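Let me begin by presenting the structure, written as structure tokens, before commenting on it.
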Amino acid sequence: MSERNILDRLAALDTNAVSDALDFLQLKGATYGLRPLWDCPKIVGRASTVKVGPKTDEIVSAHPFTPVIDAVITDDRILVISGGLEGVSCWGDIIANASKAKGIRGTVIDGMCRDINGSQEVGYPVYGRDVTMISGRSRIVQLASGTPVQMRGVTVREGDYVIADACGTVFVPAERIEDVLDLGERIDRRESLMVKDVQAGKPVSEVMHDAKFQAIHAETLSVAAASSASHSKQNIKKAEHEDQELVKLFAGLDSPAVSDALDKLGIPGQVFGILPLINYNKITVGPAFTVRYVPASDPPGSVGDFIDDVAAGDVVVIDNGGRTDCTVWGDIMTQYAGLRGIAGTVIDGVCRDVKCAIGEEYPLFSAGRWMRTGKDRVQVGGVNETIGMAVGKVHVRPRDIVIADANGVAVIPRDRVREVTEVARTIENSEERIRDMINNGATIAEARKELGYHTLQRRG
């Protein structure tokens with residue numbers, strides 16, 4: 001897509017639509033407090049970044065921004081200035097006139113401006129915190145240019161996209177501009193239709209019904225997921241060949257069949273008290289990626305960064321000690337796990353934001369659900385180490401195989417997978433023969449006796 005086309009598309013939106021698109025993509029970019037300092041027109045362009053700070057010496061220096069302004073050779077630039085001092089100006093009418101003459105589209109300052117009437121007279125847009133009459137001369141100096149700067153908590157890099165209008169200022173990472181435009185345009189179209197419905201006389205209670213916004217949300221989320229996938233899939237850790245081979249051994253088996261085999265072999269692998277979020281039709285099988293949570297330290301540590309290391313097809317198995325007073329899994333983790341091809345999640349603890357998991361049909365198994373976050377309450381204590389599930393009654397080692405379905409969760413030691421699946425298949429075949437005998441007229445007692453049903457799971 002050409003640069004001109006990108007800027008035209010961005011200019012057709014407003015900061016509200018762009019901010020909403022960033023929200024859906026879980027990107028930071030919308031700011032609060034950087035407003036138009038006169039009745040400015042909207043500005044759209046690429047950031048030329050400048051960082052200023054307090055002057056600490058008596059050395060005579062060039063006026064801030066003059067080297068940056070002189071270096072501009074394109075007509076798409078917006079000056080983005082960080083580090084302004086409270087109550088002190090770092091922008092005035094002379095520098096506004098110079099910028100206008102160079103074809104710069106406007107200035108966004110995390111700071112103050114003076115001589116605002118001079119900027120307005122030449123039609124030069126200025127966005128910032130506020131206006132002042134106090135000069136920055138001998139108080140402010142330029143510290144850097146062309147480097148990342150912080151604008152009200154948002155990191156802005158040279159060449160990032162900027163849109164500013166009556167509602168404020170938004171920055172868009174250059175590498176995500178097409179994703180943001182696609183989503184912003186979709187949001188803008190849907191909300192424009194709602195406005196037209198109101199203007200046509202439809203009751204506002206009908207137009208503003210939650211279902212309307214849910215439709216926008218669902219449509220937008222699907223596009224957000226697709227665009228996020230294109231950026232996350234390139235970094236996905238692939239499943240190992242041996243893992244894939246072991247998973248294939250479970251074809252046609254479910255957790256009850258595996259549970260019976262575990263009983264017969266004397267292996268404690270059934271995870272008591274961990275239940276499916278819904279009655280899944282799908283059977284989830286994969287190697288365990290183990291995570292152990294501990295109470296949060298001061299300051300608290302990470303709660304979810306481990307997920308970047310989980311391979312496609314893995315099952316995340318989390319030991320939170322059976323805690324039900326705070327969660328360790330929510331909708332962001334669900335969405336990201338789904339995009340990365342993670343098979344499912346098992347938690348000795350609780351989860352939240354379950355609508356996302358249900359809507360996305362992401363396999364999630366836990367001791368319950370609750371809304372309170374685990375942030376600042378728990379943190380990751382270790383990954384890929386042996387953990388205890390069901391209050392330590394079942395030990396899960398990294399890369400053990402997990403099978404989970406509507407009946408519950410079972411864990412099979414990796415070195416016994418072939419033995420367990422062979423026994424499970426033998427038991428399953430015997431039970432299938434019992435069902436056939438019943439269908440052919442035998443009583444259940446006769447069928448069970450002939451095929452030794454009562455000894456199928458007995459250790460021997």
Test: residue in segment 82-90 that is within 24 Å of Leu7 (Cα to Cα), in contact with a Lys or Arg (Cβ under 9 Å, 6 or more places away or on another chain), polar (S, T, N, Q) and surrounded by 15 or more Cβ atoms within 10 Å (Cβ to Cβ): yes
Residue in segment 302-312 that is open to solvent by less than 10 Å² (accessible area, probe 1.4 Å), assigned to a helix (DSSP H, G or I) and either over 16 Å from Gly286 (Cβ atoms) or touching a strand residue (DSSP E or B) at 6+ places or on another chain (Cβ under 8 Å) (or both) present: yes
Segment 148-167, residues that are of a type in the set (Gly, Ala, Ser) and surrounded by fewer than 18 Cβ atoms within 10 Å (Cβ to Cβ): Gly153, Gly159, Ala166
Extreme residue, farthest from Val402 (Cα to Cα), among residues of segment 269-297 that are among the β-branched types (Val, Ile, Thr) and surrounded by fewer than 20 Cβ atoms within 10 Å (Cβ to Cβ): Val294
Leading residue by the ranking (least open to solvent (accessible area, probe 1.4 Å)) among those in segment 368-403 that are closer than 14 Å to Val316 by Cα and not in a strand (DSSP E or B): Asp400
Pairs, first open to solvent by 30 Å² or more (accessible area, probe 1.4 Å) in segment 168-193, second at pLDDT 90 or above and acidic (Asp, Glu), C-beta under 6 Å, six or more apart: Ala174/Asp160
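The values are calculated or read from the model by the stated rules, or taken from the named source; none is laboratory data. What you see is a predicted model; the values in this text were computed from it and never measured. Cβ coordinates were reconstructed from backbone atoms using ideal geometry, including for glycine residues, and neighbour counts include every protein chain displayed. With ligands, DNA and RNA removed, areas are computed over all heavy atoms of the protein, side chains included. Shrake-Rupley method; radii C 1.70, N 1.55, O 1.52, S 1.80 Å.
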